[in-house]
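These notes are about the structure you will find just below.
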Amino acid sequence: MISTIRNALLMATTDISIISNNIANAGSTGYKRSEGNFLDSYAEEIPIPGLNVGFGVIHEEPRRHDHKQGALRVTNNSLDLAVNGGGMFVAVKPDDGEITFTRDGSFLLDSFGNLVTTDNRQLIGVSGNAIVIPPSKLDQAGRETLIDVISISNDGSIRATYGDGEIVETGIVALANFPNSAGLKPVGGSYFKATEKSGQAVIGTPTENNFGEIVQGHLEASNTNVANELTKLMVSQQAFTAASRLMQSAVESERKLIG
């Protein structure tokens, strides 16, 4: 009895933690809300209705994520990108080569012209290499001319216009899809990594096959609905309170039996 109630307390605590994290990240760009995946726990390996002894519930890892698209908000920043439809940006850590995936399209240009995330991960193009947009180039007279405009089309094609009027194509943004996006593992900062449950990433070009389109000058907001999360939080808190009272009653009953 006590072990079952203990599981209920643990699950309520876990659910409160997940919901609180969703609420805390309601304003985070590209954040995908999480849900706890809870399973019934039985004494036997195969559940037999009416005969199995229940141990309550257990929490399955990894957390099940809701990858529904959030609203797109206008920023008018040429390096802010959003994905309208399926697909995630591919970002690589330059120091250890770790590959991660995200819907947060807040990009910057570093001093070398690499298109990077706010924490310096390099954005990968369909060629498999990091996207580089040279901040300057030499004109026909051999003089240095600076970049003037960066244009990114819906199919991910990047074109840089320089001070002398020349337009240079610098790459195509890659997107990644997964057989089961709910199986992706969150690694913090709106980043995810592939797992056995998610399957391997399928890399493709925006607007082709099942990939969405790139929208320049926009960012995708979190898909967290704060009102819904607050309602779920109250339910979880009530479940925790009820389990706590049951635990107290069970402990007092055992004390009476022992005494």
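Just to verify a result, which residue in region 156-170, among those that are among the small types (Gly, Ala, Ser) and at pLDDT 95 or above, is farthest from ILE203 (Cα to Cα)?
So the first thing to find is which residues in region 156-170 are among the small types (Gly, Ala, Ser), and the list is 156-157, 160, 163, 165.
Filter once more, keeping what is at pLDDT 95 or above: 156-157, 160.
Working: GLY156: 13, SER157: 15, ALA160: 24 Å.
Among those residues, the one meeting the criterion is ALA160.
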Residue count, region 107-127, condition surrounded by fewer than 17 Cβ atoms within 10 Å (Cβ to Cβ) and in contact (Cβ under 8 Å) with a residue 60 or more places away in the chain, comes to 1
So which residues in region 65-118 are part of a strand (DSSP E or B) and of a type in the set (D, E, K, R)?
ARG73, ASP80
Of these, SER111, SER153, SER127, which one is more than 20 Å from GLY204 (Cα to Cα) and hydroxyl-bearing (Ser, Thr, Tyr)?
SER111
Given the conditions (1) more than 27 Å from ASP80 (Cβ to Cβ); (2) under 16 Å from the mean Cα position of the chain (by Cα); (3) open to solvent by 40 Å² or more (accessible area, probe 1.4 Å), every one holds for LYS232 apart from (2)
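Could you tell me whether VAL251 is in contact (Cβ under 8 Å) with a residue 24 or more places away in the chain and exposed (fewer than 13 other Cβ atoms within 10 Å of the Cβ)?
Numbers: in contact (Cβ under 8 Å) with a residue 24 or more places away in the chain: yes; exposed (fewer than 13 other Cβ atoms within 10 Å of the Cβ): yes.
Yes.
Across region 174-195, what is the number of residues that are outside any strand (DSSP E or B) and open to solvent by 50 Å² or more (accessible area, probe 1.4 Å)?
Number of matching residues: 3.
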Could you check, for region 210-217, whether at least one of its residues is open to solvent by 60 Å² or more (accessible area, probe 1.4 Å) and over 18 Å from THR102 (Cα atoms)?
no
Quick check on my filter: what residues within region 140-164 are part of a loop (DSSP other than H, G, I, E, B) and either surrounded by fewer than 14 Cβ atoms within 10 Å (Cβ to Cβ) or of a type in the set (A, V, I, L, M, F, W, C) (or both)?
GLN140, ALA141, GLY142, ARG143, ASN154
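The values are calculated or read from the model by the stated rules, or taken from the named source; none is laboratory data. Given the structure is predicted, the values throughout are model-derived calculations rather than measurements. A quick note on method: Cβ atoms are made from the backbone with ideal geometry, for glycine too, and the neighbour counts reach across all protein chains shown. These area figures cover heavy atoms from the full protein model, side chains too; ligands, DNA and RNA do not enter into them. Shrake-Rupley method; radii C 1.70, N 1.55, O 1.52, S 1.80 Å.
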